[in-house]
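Every number in this text was worked out from the coordinates using simple rules, so none of it is lab data. Please read these numbers as outputs of a predicted model, since none were measured by experiment. All Cβ positions, glycine included, derive from the backbone under ideal geometry; neighbour counts span all protein chains shown.
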Amino acid sequence: MFANRASVPSELDEPPLILYSARGQGVMWQTENPVTVAAVSALLGRTRTALLLALAEPASSTELGLRFGVSASAVNQHLRALRDGGLVTSTRYGHSMLYFRSELGAALIDHH
């Protein structure tokens, strides 16, 4: 673990042995990089990130479309992708379908 490069013991009475550093040990003591909104946006795109942020409270695609100035159909395409990725879930509420962050979506957003 602590060897910088391969080495061989110099004792003649010891059996042959080669020591080398463990794979992946270079990042063992590094802290995890924090997730930022910019990083999420680079991964998901601006629109999907904005929708995920907006879903702090459950909302319908119609409501989100009005809020963002786009059609409900366009919002539904993005919500479908977010739902397929496990970041959003939905539930029926009367005649409407409400969307909200899943645990995974909340964890992703709440770490920024």
Item to check | Distance from segment 51-76 to segment 88-112 (C-alpha centre basis), Å | outcome: 12 Å
Item to check | Prolate/oblate/rounded label for segment 41-112 (Cα gyration tensor, a/c 1.5) | outcome: oblate
Checklist entry - Taking the Cα-to-Cβ direction at residue 53 and at residue 36 and moving 7 Å from each Cα, how far apart do the two end points lie in nm? => result 1.3 nm
